[in-house]
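What follows is a short report on a single structure.
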Amino acid sequence: MSHILIVYEIRDQKIKKVSFEATSAGVDLANQLGGTASALLIGSAVKDLAPEAGKYGVEKVFLIEDGGLEKFSPDVMASAIAQVAEQVGATHILMGATALGKDVLPRTAFLLNSPLVQDIIGYQVNDGKVTYLRPMLAGKLHTEVSLSSAYHLATLRPNVFPVKESPSSPEVSTLQVELPAPKAVVEEILAEAGGKLDVTEADIIVSGGRGMKGPENWYLIENLAEVLGAATGASRAAVDAGWRDHAEQVGQTGKTVSPSLYIACGISGAIQHLAGMSSSKYIVAINKDPEAPIFKVADYGIVGDVMEVLPKLTEEIKKLKSE
Amino acid sequence: MNIAVCVKQVPDTETRPKIDPSGKKMSEEGVKWILNPYDEFAVEEALQLVEKNGGEVTVISLGPAAVEPTIRAALAMGAQKAIRIEAEENPADPLVTAKALAEVLKQGNYDLIFFGKQAIDDDYAQVPQMVATALDLPCATVVVKLDIEGEKLTVEREIEGGKEKLSLSMPAVISAQKGLNEPRYRSLKGIMKAKKIPIETVQVELASGQLEIEKVKFPPEKQPGKIVGKGADAVPELVRLLHEEAKVI
Ligand SMILES: Cc1cc2nc3c(=O)[nH]c(=O)nc-3n(C[C@H](O)[C@H](O)[C@H](O)COP(=O)(O)OP(=O)(O)OC[C@H]3O[C@@H](n4cnc5c(N)ncnc54)[C@H](O)[C@@H]3O)c2cc1C
Ligand SMILES: Nc1ncnc2c1ncn2[C@@H]1O[C@H](COP(=O)(O)O)[C@@H](O)[C@H]1O
C-alpha cells in the first residue's frame, strides 16, 4: 500500500503554506493510489503545530522533537527524514520546492538510494503508476518523469497545487530517530529589511526592468506592490546595473515564478526572462514599445511610459481596494 | 589548497529548444553549448582561493567527448587540471551523475569541492547535495558569500526573503549562486594556455538509472492577449479587467 509522507516546513513557529499545498496533493495522491498520507514535523518544539496538519486530511502526524534541533542543520534533517521514511514504511516523500526543501531532500534521496524529482508542477496516476510533470530549461520545456526507485521523492513548486481543506482527526505520534552529529549548522538568519516577501512565494509580483531607468524610480514599483500585497522582482538588466539585489531576479538564471499575476514594467521580454515567468496565470505588460516581445505573452498590455502609468495604476487599485 | 570544480555543458540560454524525434529529450541539433552559468561562479571562487592561498584547481565533467570545449572554457579561466568522466550521454537520473562524480572526487583528496547551484538545462539542483551525502561531507548550497578562516568556513546562502549564515569546516561541498563573485573573462592567453592542458579521461561504471523521462513537450501555449490601450488613460480599463475578468485583484 502506498504511504505518502509530507515533510513540513516550519519557520518562526509557523507552518509554511507550501506544506499545506503539498499535503493536499499528497492526500489526493494517496486517494488515487489507494493509500494513506501522513505529515512529518521536525523541530525542537513542534507538538503544538500538529493539529494544523489535521485540517487537510492526513491520517497520521509524526513528530520528531529534540532540543538538539534548535540549531538547524540540513544534513541532520535529511537523515531524520530518511529514518522516518524507513520506520513508517513511506513510499512517497513530498516537500515544498523551497530553499529548504530543495537543499534537504536531495540528501534524503541519496540516503534512500532514490532520485528526486525536483520542482514538480503536476502529477498523474495511470494504472497505479505515477508520472510527475516538471519544467526544464526554466520552463521552456516540460517533461513527464517516471521513477523505478524504492522511494518516490518530489519537491512541489509553491503556488501551483491548490490547498483543499478536508478536516481529519489524525493520530499524533512522536518518533525516535538517531540524530547524527551536524556537519553544517545555521548560525543566523539574516532577514531582508522589512521582512520582504520573496518572489517564489508571492501570489502577485510587480517586476521592473531597464525601462525603469534607475533605482531612484523603484518607489513606483514598490508603491504598486504595496497596495497589491505583492513581491517585487527585476529583470537581469536591472540586477546587473546594481539597481536591485540578485534575489529579485526573475528568469533562467534567476528565479522561476508562477504567481497568479505578474506585472512587467519596462521589461522587454528577452527569452531568458520569459522562461522564468511565462507560466504566471495572468501577465500584465507596461512598455512604451508596442513591438516589445513581452506583449506576446501578456494577457493585458498597456503601451506607455511606466513613469505615467504606474502612479495611476497604484491610485486606481487603491481606489478599488477601498470600495 | 586542493580544489575541485564540477562543471556541466548546457545549451546557451538563447536556445529555443526543439524536441528530439524520440519525444524523450531536447533535440541537440543546432544547439550552441556553454559552460553552465552557475558553474562559472564556482570556477571563479576556486581560482580566487588558489590565487590567495596557493594550490590548484581541477575541473571535472561527466559526459561524452563533446563536452570537452566546456572543460576547456573552464581551463581558460585559469584552472590547472581537468578530468572527464566518460559517459555516452548525460544521465537522465541525477543520482547516477552524483554517484559517478563522488567516485572520482573521493580519489582526489580535495579541501573544497565546488558546484553550480543548478544546471540550467535539467534544473535538477540536486547533484551537489547528493555528492556531499555520498562523501559524508558538510555541504552548503546556493551560496552567495564565502569566508575561510583556517579550516572553518562561514557562508551565506540565499533563502526566501533573506539569507542564512552557516558554519561548516573543510573539506566541504559548496554550490555557487550568482552574487558570490564576478566571473572573469577568458583572456586570449588563457585560451591558448588551456589548449595545451591534457584532459584526463576516466572510466567509471555508471549505476543504472531509476528516473526516466517519458516525454518532453512544450508548455501549453499562451494565447496572445490584448493591448488594453495607450498610456495612463488605459489604466481604469486594465484595473476593471483584472478585477472582473481575471479576478486576480
Ligand atoms: C546567460 C544569460 C542569462 C540570462 N538570464 C536572465 C534572467 O534570468 N533574467 C532576465 O531577466 N534576463 C536574463 N538575461 C538577460 C536578457 O537576455 C536581457 O538582456 C534582459 O532580460 C533585459 O532586461 P530588460 O528587459 O529589463 O532590459 P531591455 O531589454 O533593455 O528592455 C527595456 C525595456 O523597457 C522599455 N522601456 C524603456 N523606457 C520605458 C519607459 N519609460 N516606459 C515603459 N517602457 C520603457 C523598452 O521599450 C524595453 O522594451 C540573461 C542573459 C544571458 C546571456
Ligand atoms: N554531468 C555533470 N558533470 C559535472 N558536473 C555536473 C554534471 N551535472 C551536474 N553537475 C554539477 O552539479 C551542479 C548542479 O546540477 P544539477 O543538480 O543537475 O542541477 C552543476 O552546476 C554542476 O556543477
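All of the numbers you see were taken from the coordinates with simple rules; none came from a lab. Remember, it's a predicted structure, so these values are computed and weren't measured experimentally. No Cβ is skipped: glycine too gets one built from the backbone with ideal geometry, and neighbour counts run over all protein chains shown.
Some notes on this structure:
- Amide H contacts under 5 Å for residue B:214, placed H, 5+ residues apart: A:144, A:145, A:146
- Amide H contacts of residue A:152 (H built 1.01 Å from N, under 5 Å, at least 5 apart or other chain): A:92, A:93
- Value of relative contact order over chain B, rounded to a whole percent, pairs C-alpha under 8 Å and six or more apart: 24 percent
- Table column - 3J(HN,Hα) (Hz), the stretch A:174-188, Karplus curve with 6.51, -1.76, 1.60, x for Gly and Pro: 9, 9, 10, 10, 9, 7, x, 5, x, 9, 9, 10, 7, 8, 6
- Cα shape, the stretch A:204-322, gyration tensor, a/c 1.5 rule: rounded
- Interatomic Cα distance distribution for the stretch A:81-182, bins of 5 angstrom, percent: 2, 10, 19, 21, 21, 15, 7, 3, 1
- If the convex hull is drawn through the Cα atoms of the stretch A:3-174, its volume per residue in Å³: 106 Å³
- Ranked by how many other beta carbons lie within 10 Å on average, peptides A:110-116, A:236-242 from highest: A:110-116, A:236-242
- Hz values of 3J(HN,Hα) by residue in the stretch A:252-258 - Karplus curve (6.51, -1.76, 1.60), Gly and Pro given as x: 4, 10, x, 9, 9, 10, 9
- On the beta carbon distance between residue B:53 and residue B:20, with R0 = 41 Å, the FRET formula returns roughly 0.35.
- Listed pairs A:281/B:24; A:296/B:25; B:18/B:230; B:163/B:226; B:163/B:217 exceeding 32 Å between Cα atoms: B:18/B:230; B:163/B:226; B:163/B:217
- At q = 0.11 Å⁻¹, base-10 log of I(q)/I(0) for chain A (Debye sum, equal scatterers on each alpha carbon): -0.75
- Amide H contacts for residue B:19 (H built 1.01 Å from N in the peptide plane; partners 5 or more residues away or on another chain; cut-off under 5 Å): B:27.
- Taken one residue at a time, the phi angles of the stretch A:94-104 give Karplus couplings (6.51, -1.76, 1.60, θ = phi - 60°) of 10, 7, x, 7, 9, 3, 6, x, 5, 7, 7 Hz. Gly and Pro are set to x.
- Each residue of the stretch A:71-132 gets 86 Å³ once the volume of the Cα convex hull is shared out per residue.
- Treating each Cα of the stretch A:1-75 as an identical point scatterer and summing with the Debye formula, the log10 of I(q)/I(0) at q = 0.20, 0.25 Å⁻¹ comes to -0.80, -1.11.
- The protein assembly as shown: Rg to Rh, with Rh as the Kirkwood radius over Cα pairs: 0.96
- Compactness index (Cα Rg / 2.2 N^0.38 Å), the stretch B:2-202: 0.99
- Folded to 0 to 90 degrees: helix A:17-33 orientation relative to chain A principal axis, Cα: 60 degrees
- Relative to the dominant Cα principal axis of chain A, helix A:74-88 is inclined by about 50°.
- Residue mean of other protein chain beta carbons inside 10 Å, A:95-106: 5
- Ranked packing of A:179-191, A:33-45, most packed first, by mean Cβ within 10 Å: A:33-45, A:179-191
- Here the Kirkwood formula puts the hydrodynamic radius of the stretch B:144-249 at 21.6 Å, using every distinct Cα pair.
- Angle between chain A longest axis and helix A:306-322 axis [Cα atoms, degrees, rounded to 10]: 60 degrees
- Partner lysines for residue B:99 [C-alpha distance under 19 Å; skip if fewer than 8 residues away on the same chain]: A:102, B:8, B:117
- For the residues of B:205-215, the average number of beta carbons from a partner chain within 10 Å of their own beta carbon is 5.
- Only DSSP H runs of four or more residues enter the estimate; each adds -39500 (n - 2.57), and after division by the residues of chain A the mean residue ellipticity at 222 nm equals -8500 deg cm²/dmol.
- Each peptide in A:279-288, B:181-190, B:8-17 receives the mean, over its residues, of other Cβ atoms within 10 Å, and ordering these scores from highest gives A:279-288, B:8-17, B:181-190.
- Note on residue A:47: lysines with a C-alpha under 17 Å away, same-chain residues under 8 apart excluded, are A:14, A:16, A:55, A:60.
- The mean count of C-beta atoms from other chains within 10 Å of the C-beta of residues in A:288-296, rounded to a whole number, is 1.
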